[in-house]
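The values are calculated or read from the model by the stated rules, or taken from the named source; none is laboratory data. Note that the structure is predicted; figures quoted are calculated from it, not measured. No Cβ is skipped: glycine too gets one built from the backbone with ideal geometry, and neighbour counts run over all protein chains shown. Protein only, heavy atoms only, side chains kept; ligands, DNA and RNA dropped before computing areas. Shrake-Rupley method; radii C 1.70, N 1.55, O 1.52, S 1.80 Å.
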Amino acid sequence: MRLRNCVWTAAVLLAISISHSDAQQAEESSVRFRQCRVDNLGDCLNGVATGVSTPDSVRSLSNRTARTLRRETQEDTALALHGGAVQSTVLAAGDGPGFTQLWSNYNHVDQRSDFVNARNESLGFDSSLNSGIVGAHRLFAERWLLGAAIGYDDMSISTAFNGGKSNAEAIMVTPYIAWLVSDHISIDASYGYTWLDYEQHRIAPDNGSPIDSTFDGARWFLSANLAGAWQVNEWQLGARIGYLYVRETHDAYVEQTRAGSPVSTRLWTVDQRRVTLSQINFGADIARTFEKFEPFAYAVYRNDLSRSEGQDAGGLPEDLGAVRSADDDEFELGFGLRMRGESAWSSAVEFSRIFSRTDYASWTAGATLRYDF
């Protein structure tokens, strides 16, 4: 009797599972995946790429820069003052508090959006970013760390819905500061300003002509964190809570049909666009210290407190609706390895992934090189 009930229960669960799968497949099959091409103009949306991709890119790039700066301050302040073999040699190389460090960081970031709007149209994009930062800082009065960095970004975004792509080059400057409240607690803050240069290309939905546009932009962010670090034998433990505010603005511009091509009647005149984001984050990390290397892992949770998409600037159909999911939080998981020999040089490599945000994912591979005076 009991066996028969189990069989019936399993059969019912299987039927429900199959029904749900069929419904999901039916829903997915109704999605219009736009693949805009010259020979398929019916799938070309009359919209600019940055109108869709900018909100996700602003959030991802600002978090990446802020995290790089926070990591440099944390590893060379609170962790260094009481940490294990890898961290403690940082101070030894500089004869104690008052040391100076030069550092450089490289990141490669891939983003993917599979967002589908209220009209059941795919508005996804793929992007690739190469980012480099060079910085220096010094510890003063045993408790204050002051530093500055300069960075360069090169980002490429492809959008199937308009048969186009956009490219952005950016130069950033950022001062940063940290206060060692105790051997375990630190407070850090950074401010960054970025000059942006955008190029956009897409296919005209009326006659297939190539449409181009260029414009300048600017981005600034403010990040602040309260961090704690503790040592338990060879283990290094850390936790933090932080806040990020970022604003990006784009100058107004007018699209143009490429020279020598039939003039399109679907050109946009786009007003100044402004995208903003306010976000809180919580993180924890763990590392195991060996003589010359240190594997580590970390987890970060982020929640958007407020955000503005900048759609009122134009460049997108009025009835398009939202350009990304209303999901307001995400997790990032990462792992890596810090390495140090007998010299003043040290290095680190790491990999991370952002997930759990609906219709969006991001992968990062990075490396850091440091020199201690």
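Observations on the model:
- Full extension of the chain between Asn207 and Trp144 yields a length gain of 16.5 nm, computed as 0.36 nm times the residue separation minus the alpha carbon distance.
- The value of relative contact order for region 284-373, using C-alpha pairs under 8 Å at least six residues apart, is 25 percent.
- Region 279-286 - phi-based ³J(HN,Hα) in whole Hz, Karplus 6.51/-1.76/1.60, Gly and Pro as x: 8, 10, 9, 10, x, 9, 9, 9
- Theoretical gain in end-to-end length, Val38 to Ile177 [0.36 nm per residue, Cα-Cα removed]: 44.8 nm
- Carbon plus sulfur fraction of accessible area for region 266-373, probe 1.4 Å, in percent: 59 percent
- The residues of region 242-366 expose on average 49 square angstrom of accessible surface per residue, using a 1.4 Å probe on protein heavy atoms.
- Normalised by 2.2 N^0.38 Å, with N the number of residues, the alpha-carbon radius of gyration of region 119-252 equals 1.47.
- Along region 257-266 the Karplus relation, 6.51 cos²θ - 1.76 cosθ + 1.60 evaluated at θ = phi - 60°, assigns HN-Hα couplings of 6, 4, 4, x, 9, x, 5, 8, 9, 10 Hz to successive residues, with x for each Gly and Pro.
- Dipole size of region 229-343 about its Cα centre, with +1 on Lys/Arg Cβ and -1 on Asp/Glu Cβ: approximately 320 debye, rounded to the nearest 20.
- Cα centroid separation, region 273-334 to region 99-142 (Å): 11 Å
- A Cβ-based charge dipole, computed about the Cα centre of region 326-373 with Lys and Arg at +1 and Asp and Glu at -1, lands at about 380 debye.
- Net length available on complete extension from Ala239 to Val134 is 35.3 nm, with 0.36 nm assigned per residue and the Cα-Cα distance removed.
- Region 210-241 and region 342-371 have Cα centres separated by 12 Å.
- Across region 321-331, coupling constants 3J(HN,Hα) worked out from phi with the 6.51/-1.76/1.60 Karplus curve, θ = phi - 60°, read x, 5, 10, 7, 4, 6, 4, 10, 9, 7, 10 Hz, and Gly and Pro carry x.
- Neighbour net charge for Ser213 - beta-carbon separation under 14 angstrom, K R +1, D E -1: -2
- Loop-located trypsin sites (Lys or Arg not before Pro) across region 100-174 with a Cβ neighbour count of 12 or fewer within 10 Å are Arg119, with loop assigned by DSSP.
- For region 182-262, dividing the convex hull volume of the Cα atoms by the residue count gives 160 Å³ per residue.
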